[in-house]
């Protein structure tokens, strides 16, 4: 019992740390992300989460969405609109993760408890997941690369040069990022998530290329998609290397705090770059998307038919809600 609970908690925490790798960052017609034993699909004004339960049935949660820029006009401005979009995507991802964990991992005896008590347990697990993800991100991608680069100056004094310092710091960050993905991909539960990630991509491709949502069409599609969040994160790391050069600090504490302070700007600028590159659909877009497509060989796996059916159910539900809300989906 204790082992099962510990495994469930750790899976949620690891899933939270992986959240950015398996979700798309853009405002697109359709897109989504993998969750525990399922897929979340979204359209411009609705979303649906489909989860395969232990019994084999598919549980679905659905709701309407309002774009941040429709709520607040100031979120239409460049950079700010990226923060609004990414913030909504993160909140929606956490909501989808929570639902999928409740449906796919909840123990039978826990289901028999009153709903209020179950909700309290879920809130604690959700808080643990968020705290773990945030702490992991700051330590692993901000503190550790900066610390290793600062220590390297003792052996290579030339690293003190701002250009070289940020180049080394950024290279270490990318190596840690790749190493983490390769390592976590060996875990069986994470491999299941990556299979659903592949299912999400295949179903989105099926809709975008043919307008059809059936198993045969989805099977024939590639599991790699250029709008994947993996591409976005790689762009973020490159842009961060450039912006860090303008920080006027030379102490470890100053550089570390400066990196944290620049996080919103880096996210907003990265969003604008991806948005511009996607609209141009030229060499810039191919350059920005290609590293992510290579990396998806790690973050996606070939799904089975049951996983494809789950992804199809999620997208069908989201599209039905979009149409009932007065929206119209046009194939890209």
Residue 245 versus residue 167: modelled label distance in nm, points set 7 Å from Cα along the beta carbon direction:
1.0 nm
Computed E for residue 155/residue 74 - FRET, C-beta separation, R0 41 angstrom, nearest 0.05:
0.30
Mean Cβ-within-10 Å packing, highest first, puts peptides 183-195, 231-243 in the order 231-243, 183-195
Find how many whole Å separate the alpha carbon centroid of segment 239-318 from the alpha carbon centroid of segment 125-162.
19 Å
Could you list 171, 149, 217 in order of exposure, starting from the residue whose Cβ has the fewest other Cβ atoms within 10 Å?
171, 217, 149
What number results when the radius of gyration of segment 203-270, computed over Cα atoms, is divided by 2.2 N^0.38 Å?
1.77
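Just so you know, all these numbers are worked out from the coordinates, no wet-lab data involved. Being a predicted model, the structure only gives us computed values, none of them experimental. Because the Cβ atoms are built from the backbone with ideal geometry, glycine has one as well, and the counts that use them run over all protein chains shown.
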